[in-house]
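The structure under discussion appears below in the form of structure tokens.
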Amino acid sequence: MSAASSYRLLFGLAVQNLGRRQSRTLLLVVAIAIASAVTFAGVVAMRSVVASMQVGLSRVGADLMVVNQDALTNLTDALLTVEPTDSTVAADAISRAEIRGIARLAAQRILRTERSGLGGAGELVDLIGFDPASDFTILPWLSERLAGPMRPGDVIVGAARNLPLGSQAVIFGLPFRVYGKLARTGSGTQERGVFLQASSLLGLAGAVRERTGTLPPMLVPERVTGFLIQLAPEATEVQARFALLSKVPEIKVIAGGALMTGIRQGLVALLAGLVGLVIALSASTAVMVMVLFSAIMAERRRELGLLKAIGARRSQIVGMAVTEAALATACGGAIGVILGLLLLRLFERALVHHLGEMGIPFLWLDGPGTIAIAAACVVGAAVVGIAGALVPAWRMGRRDIHDLLWKEG
Amino acid sequence: MLACRALAKRYETDRGPVDAVRGMDLDIEAGCYAAIVGRSGSGKSSLMSMIGGLSRPTAGRVLIGGTDIWSLSEAGAAAFRNQHVGYVFQFASLLPNLRALDNVELPARLAGKGSRREITGRALERLADVGLDSHADAFPSELSSGEQRRVVIARALMNEPRLLLADEPTSDLDEQTEREIMALLRDINRSRGTTLLLVTHNLSLAAKAERIIHIANGVVVP
């Protein structure tokens, strides 16, 4: 027996104290459970909405497209891919210009050729090279794919191409595996296109030169056909266009649908607001716990004085109060997670099911992510309890024992 | 055993400072039964709080067995109170959610010394010393006022302190119970050699002490 015994004693006292005022403890647990349920359900739903938005709004296309000023563009579609053209732009033109207000930047190379070997004889095929890591307009349209991530030897085909998943596509004499297939986009280039990783497209340079006798400019590593840009929430299309045109020479900037850009930016701002709301909720709960524990400490003033008189150290007094608060609030947090799961179930029945019927995808957060948020809610609730109890307990622990035993207030 | 040197306590109030104890010098021998008497507001409770390590003096020193208790760290002072001083307060000072046995065990368990079995055995002995070993499992609300006070005395003796401080220990008890409690305290003082310092305004109780210290206006009256 040692210090562990005194800690066991104080832990036991903390548990017993919770049982002394059952209605008050219950109220505290319920308050924390409600806050925790709202936080858990809110965060899980919000993360799911963000994931769904990233797919759904990316399908709307980019906000801006940047191509060479000599490129011919006749856009009526959403900005999902750049336009096939032989006029190219330096691959680092935009990153070097350090334009503010750009949230995402995806470079693309498009080789329009009738000698790829795909399709019928003389059929024009768009070979689109993109970087899956920075892409935000192609992968959201994936309707089916093989398991695992896309590899350099893989291609994704547009909806109009009749190639089954896992089959082999021979392009300029080189074999590729059909990794995925896009849904119908309504964009001709994308529906008929064949999408490769940029490195794979550049890897075709030798074969292309051999068959065509020339090396198309977009197959030079330092050049790209163009860029697709998604703006940051605070940036406007006019500002970004002006900055691009003033800093990057010999380019043309084409804007997508201003309405959808506005909707996307607005939703991102709304989500940021919701995060703020969750933080404010947690802070107000912490203040409530602090007020409650100030009252509890004041009520137990004489008992705390007695414990100190017979040898309890300040740290033991604080530890007991903090343990009591942490137990109650962690318990509330755990109950809150269960309530939150029920709320999410209601949300799923009320909204997600409806969205599914309308063909709008809703991507739930995965299991590990949900478990991590649940654990964070329980730990967060305990931290709120500890933070709320710490100050009043510390202040009480510092008071003169005589004052605790005999003075009021 | 106990020495106070130039001990003073000043309280700041809305109506200005109040000097409860003014530069008091006091010596009490080991094993002595001393009573501090005085009218309400004379400073006797403030003096006992400073002697017991419950209230920091404004000036002066308190030496118990040669240790200047107010020069100790917070943890050191807590350990000193735990090991060397026992308290019997004028109010029911038992934790209501603990059984009598658990209340008596408290000082030993806070100290974290000894096995649980050894502590329980010792606590049962202390309860037997005050005639309440059959009430070990009773909660304070199931005990009479006199029995509660006996449990408090058992708890005060748990770590076998050198100094037992009793502040108006019988103020809310009937005459018969008062006599029993005072007899118990006196017996502890005699049989264990524990120095007993009793604070009371009851002169008949004080009369049974070996030494009576009169206090008025924060000073010892000769």
Treating each Cα of the protein assembly as shown as an identical point scatterer and ignoring solvent, apply the Debye formula and state log10 I(q)/I(0) at q = 0.06 Å⁻¹. -0.57
What does the charge count around A:Pro392 come to, taking other residues whose C-beta lies under 14 Å from its C-beta (Lys +1, Arg +1, Asp -1, Glu -1)? +4
Dividing the helical contributions, -39500 (n - 2.57) per DSSP H run of n ≥ 4, by the residues of chain A yields a 222 nm value, nearest 500 deg cm²/dmol, of -17500 deg cm²/dmol
Residue among A:Val194, A:Val337, A:Val318 with the largest mean-square fluctuation in a Gaussian network model of chain A, springs linking Cα atoms under 10 Å: A:Val318
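Would you please give the FRET efficiency between B:Arg117 and B:Ser144, computed as 1/(1 + (r/R0)^6) with r the Cβ-Cβ distance and R0 = 25 Å, to the nearest 0.05?
Values: r = 30 Å, r/R0 = 1.18.
Approximately 0.25, to the nearest 0.05.
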Residue among A:Gly276, A:Gly129, A:Gly42 with the largest mean-square fluctuation in a Gaussian network model of chain A, springs linking Cα atoms under 10 Å: A:Gly276
For the residue pair A:Ala4 and A:Asp92, what label-to-label distance in nm results when each label sits 7 Å from Cα along the Cα-to-beta-carbon direction? 6.1
In Å, the C-alpha Rg and Dmax of chain B are 17.3, 53
Among A:Ala107, A:Val278, A:Ala91, the residue whose Cα sits farthest towards the positive end of the charge dipole of chain A, when +1 is placed on the Cβ of each Lys and Arg and -1 on the Cβ of each Asp and Glu, is A:Val278
Sort all Cα-Cα distances of region A:194-256 into consecutive 5 angstrom bins from zero, then give the percent of pairs in each bin up to the one containing the longest distance. 3, 13, 19, 17, 12, 13, 12, 6, 3, 1
For B:Ile36, what residues show an amide H to amide H distance below 5 Å, using hydrogens built from the backbone and excluding near sequence neighbours? B:Leu198, B:Val199, B:Thr200, B:Ile213
Residue-normalised 222 nm signal for chain B, counting each DSSP H run of n ≥ 4 as -39,500 (n - 2.57), nearest 500 deg cm²/dmol, is -11000 deg cm²/dmol
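Under unit Cβ charges (Lys, Arg +1; Asp, Glu -1), what dipole magnitude, rounded to 20 debye, does region A:64-255 have relative to its Cα centre? Don't jump to the answer; show the numbers that get you there.
Details: 19 positive and 19 negative charges, 60 e Å.
Using Cβ point charges on Lys, Arg, Asp and Glu, region A:64-255 gives about 280 debye.
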Order by neighbour count: A:Ser87, B:Ser49, fewest other Cβ atoms within 10 Å first, most last. A:Ser87, B:Ser49
Using Cα centres only, tell me the gap between region B:86-161 and region A:315-333 in whole Å. 26
For region A:313-409, with the dipole built from +1 on Lys and Arg beta-carbon atoms and -1 on Asp and Glu ones, taken about the Cα centre, which of A:Gly388, A:Gly332, A:Ala374 lies farthest toward the positive end? A:Gly388
Farthest toward positive dipole pole in region A:64-255 [+1 Lys/Arg, -1 Asp/Glu at C-beta], among A:Leu245, A:Ala235, A:Gln190: A:Gln190
Alpha-carbon spread of region A:64-255, three principal axes, descending order, Å: 45, 37, 28
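Efficiency by 1/(1 + (r/R0)^6): what FRET value for A:Ala232 and B:Asn217, r their Cβ-Cβ distance, R0 = 60 Å, to the nearest 0.05? The partial results should precede the final answer.
Values: r = 77 Å, r/R0 = 1.28.
Here the calculated transfer efficiency is 0.20.
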Fewest Cβ neighbours within 10 Å first, please rank B:Asp167, A:Asp70 accordingly. A:Asp70, B:Asp167
Under unit Cβ charges (Lys, Arg +1; Asp, Glu -1), what dipole magnitude, rounded to 20 debye, does the protein assembly as shown have relative to its Cα centre? 780
In the structure shown, of B:Lys113/B:Lys208; B:Lys9/B:Lys113; B:Lys9/B:Lys208, the pairs separated by more than 31 angstrom at the C-alpha atoms are B:Lys113/B:Lys208; B:Lys9/B:Lys113
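If you place +1 on the Cβ of every Lys and Arg, -1 on the Cβ of every Asp and Glu, and leave all else neutral, what size is the dipole of region B:102-149 about its Cα centre, to the nearest 20 Debye?
Values: 7 positive and 9 negative charges, 62 e Å.
The calculation lands at about 300 debye.
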Candidates A:Thr225, A:Thr81, A:Thr323; GNM for chain A (alpha-carbon contacts under 10 Å) flags as most fluctuating A:Thr323
When B:Thr58, B:Thr194, A:Thr329, B:Thr170 are ranked with the fewest other C-beta atoms within 10 Å first, the list becomes B:Thr58, B:Thr194, B:Thr170, A:Thr329
Below 8 Å, C-alpha to C-alpha, sequence gap of six or more: please give me the relative contact order for chain B in percent. 31
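All of the numbers you see were taken from the coordinates with simple rules; none came from a lab. Note that the structure is a prediction, hence the values are computed from the model and not measured. Every residue, glycine among them, receives a Cβ derived from its backbone with ideal geometry; neighbour counts consider all protein chains shown.
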